Each structure stands twice: as C-alpha cells, then as structure tokens.
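Before any comments, here is the structure.
The values are calculated or read from the model by the stated rules, or taken from the named source; none is laboratory data. Values in this document were obtained by computation on a predicted structure and should not be read as measured data. Every residue, glycine among them, receives a Cβ derived from its backbone with ideal geometry; neighbour counts consider all protein chains shown. Note: accessible area is taken over every heavy atom of the protein model, side chains too, but ligands, DNA and RNA are not part of it. Shrake-Rupley method; radii C 1.70, N 1.55, O 1.52, S 1.80 Å.
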Amino acid sequence: MMDGNKHIYEEADYRPAVAPPPQSIFIPGTRIEIVRPIDSPGIYRHALFDFDGTLSLIREGWPDVMIPMMVEILLATGTKETPQELEELVRNFVTELTGKQTIYQMIRLAEEVARRGGRPLEPTEYKRIYHERLMARIEHRREGLRCGRVKREDMLVPGAIDLLEELCRRGVALYLASGTDEVYVQDEARLLGLDKYFGSHIYGAIDDYKRFSKSMVIQQILTTNRITGRELLGFGDGYVEIQNVKEVGGTAVAVASDEAQKSGKPDPWKRHRLIGVGADVVIPDYREWRALIGYLWGEIRVPAA
C-alpha cells in the first residue's frame with residue numbers, strides 16, 4: 001500500500017452523521033432505495049468492493065464463532081459477570097466494530113481482559129485462535145467449492161456476477177478491499193471465480209494492520225489513475241468502505257445483504273447503519289442489477305419524493 005498521512009492508516013469508529021430520509025424513494029418496481037439522488041451519473045471509471053457480505057457468503061455466521069470465543073476468554077478471568085452479561089457486552093462491541101479489520105475486535109478483547117485483572121494475549125494471537133475456529137466452521141464450504149460439491153452461486157450474494165460482468169462491459173476498473181486477512185481473501189476470491197474480475201487488485205488485512213486500510217486503497221486508486229472521487233463507485237455492507245468512499249466525494253451503494261436467508265429484503269440493521277455514514281443507494285443484493293446500473297448511469301430516472 002501507498003504511504004500517506006496518518007489519518008489514512010487508521011480506521012475510524014462508527015459515528016452516524018446522516019439521518020435516515022423522512023420518506024424512502026425507490027426505483028419503481030424494485031427494492032432499490034435512493035437515499036440521496038446522485039449528481040453525476042455515468043462518469044464512474046473505478047469501483048471498489050468490500051468482500052464478506054458484499055460479494056462472498058463463505059463466512060456467513062462468523063459472529064457465532066467470534067462472540068462465544070470472546071465470552072469464554074472473559075469468563076476465564078474469574079469475573080463475577082454471568083455468561084449472559086458478557087455475551088451482551090461482547091455482542092455490543094463486536095457489532096460496533098464490524099466493518100473494521102478483525103484485529104480491532106481483538107484489541108478490544110485484550111482491553112476487556114485487562115480490565116478484569118487478566119493477562120491478555122497479544123491481539124494477533126486472539127485473531128489466530130478466532131481464525132482457527134472460524135476455519136473449522138466454514139472449511140466444508142471452502143472444500144465444497146474446491147471440489148465442485150458446492151456451487152459458486154450458492155456462496156455469492158445473488159446477482160453479484162451479473163453486476164461485475166456489466167461493470168466490466170462498461171469499462172469500469174474493479175478493486176476489492178477487505179478487513180479479512182489478505183491471504184484468505186485472495187484464496188476465497190479464487191474459489192468464487194472473482195479473481196477474473198479483480199486481477200491483482202485484491203487487498204486485505206495484514207499483521208501490521210496500520211499499514212493497510214480501505215482508505216489507503218482508495219487513495220492509491222485516485223492517485224495512480226489521476227482521478228477525482230466523483231469517478232469512484234463503492235459497494236459495501238460495512239460502514240468503513242461506505243464512509244471512506246463518501247469522504248473523497250464518491251458514490252456509495254450500501255449492500256444491506258441478508259446473508260443467512262438471501263431473502264431479497266434488506267437487512268434493517270445494515271440499512272440503518274450504512275445510511276448513517278452517508279450511503280447514497282441501498283440495495284438488498286444485486287438481483288436488480290439492470291435497474292441499479294441504469295440509475296447509476298442516468299438511463300433510469302427516479303421521481304422526486
């Protein structure tokens with residue numbers, strides 16, 4: 001990643017800055033919600049995607065691994081808190097930090113252990129333990145993709161490939177940036193056939209976490225291609241990428257995906273959270289990609305509220 005000012009090395013905590021719209025506007029006949037009209041349709045030349053929950057469903061259910069692990073570690077400090085009290089505490093801060101690199105959740109875990117008089121491990125060691133447990137949970141999905149027992153489309157947000165194909169057809173350069181460790185992102189992108197679309201532009205977290213952020217990837221895109229943020233599209237189900245895209249003047253599409261059920265309805269928690277950091281458009285998935293692209297390129301008009 002590129003060098004730069006201090007702020008792009010850091011991932012800010014979630015801070016809602018935008019109120020939900022008083023009245024929702026939808027592209028007629030779709031579930032595509034327009035939070036604020038875009039002012040420069042069709043000028044996009046580069047698009048940044050998050051990975052887990054935005055494209056990939058391989059890690060669906062990861063909180064069911066992380067939260068019990070953290071409760072177990074905090075109980076071992078000898079705290080008088082009940083498992084139920086600890087679960088509420090952990091769920092709150094895991095949720096609050098969702099969207100940032102995994103290491104930030106482990107840093108918070110180490111702080112909570114220390115607050116209870118325990119001797120915390122290094123956050124990287126907690127992350128290693130978490131990854132081992134997560135891999136045990138999802139390895140059947142990964143292996144199923146390798147051997148063909150699991151279909152790629154079953155592990156992708158619906159419509160993702162159609163959208164990527166259309167963006168490529170329109171000459172948009174694609175980038176993938178994830179808070180998941182880069183080695184896993186690259187491997188899982190290959191398993192899903194997504195490397196075809198992103199090529200060498202697949203970025204993920206590294207152990208020296210201050211040397212990677214989604215903001216750094218965005219700055220690199222803008223600098224290398226000598227473009228302004230208005231030419232950048234962002235897609236994500238986490239607040240970090242939405243916030244970072246809006247900070248440079250780009251257009252942000254919130255993917256409020258229902259990862260477990262793939263119901264085609266937006267996840268209410270994701271929707272509220274992503275609107276709060278400035279998302280311009282909210283979609284539940286990419287099944288209505290034609291209408292979405294038509295709107296983003298100014299080929300479909302949306303009536304005013």
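The table below lists the values:
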item: Odd one out for ILE242 among (1) open to solvent by 10 Å² or more (accessible area, probe 1.4 Å); (2) modelled with pLDDT of 95 or more; (3) aliphatic (A, V, I, L, M); result: (1)
item: Tally of residues being open to solvent by 10 Å² or more (accessible area, probe 1.4 Å), under 13 Å from MET66 (Cα atoms), in contact with a helix residue (DSSP H, G or I) (Cβ under 6 Å, 6 or more places away or on another chain) and in contact (Cβ under 8 Å) with a residue 60 or more places away in the chain across region 98-110; result: 2
item: Output for region 268-298, where each listed residue is outside any helix (DSSP H, G or I) and under 14 Å from TYR239 (Cα atoms); result: VAL277, GLY278, ALA279, ASP280, VAL281, VAL282
item: Candidates VAL113, VAL90 - the one that is more than 15 Å from VAL65 (Cα to Cα), part of a helix (DSSP H, G or I) and open to solvent by less than 20 Å² (accessible area, probe 1.4 Å); result: VAL113
item: Residue, nearest to LYS151 (Cα to Cα), within region 186-235, restricted to residues that are aliphatic (A, V, I, L, M) and in a loop (DSSP other than H, G, I, E, B); result: LEU192
item: Residue count for region 133-156, restricted to those that are assigned to a loop (DSSP other than H, G, I, E, B) and surrounded by 14 or more Cβ atoms within 10 Å (Cβ to Cβ); result: 1
item: Filter result for GLY159 (at pLDDT below 95 and either farther than 30 Å from ASP285 by Cα or open to solvent by less than 40 Å² (accessible area, probe 1.4 Å) (or both)); result: no
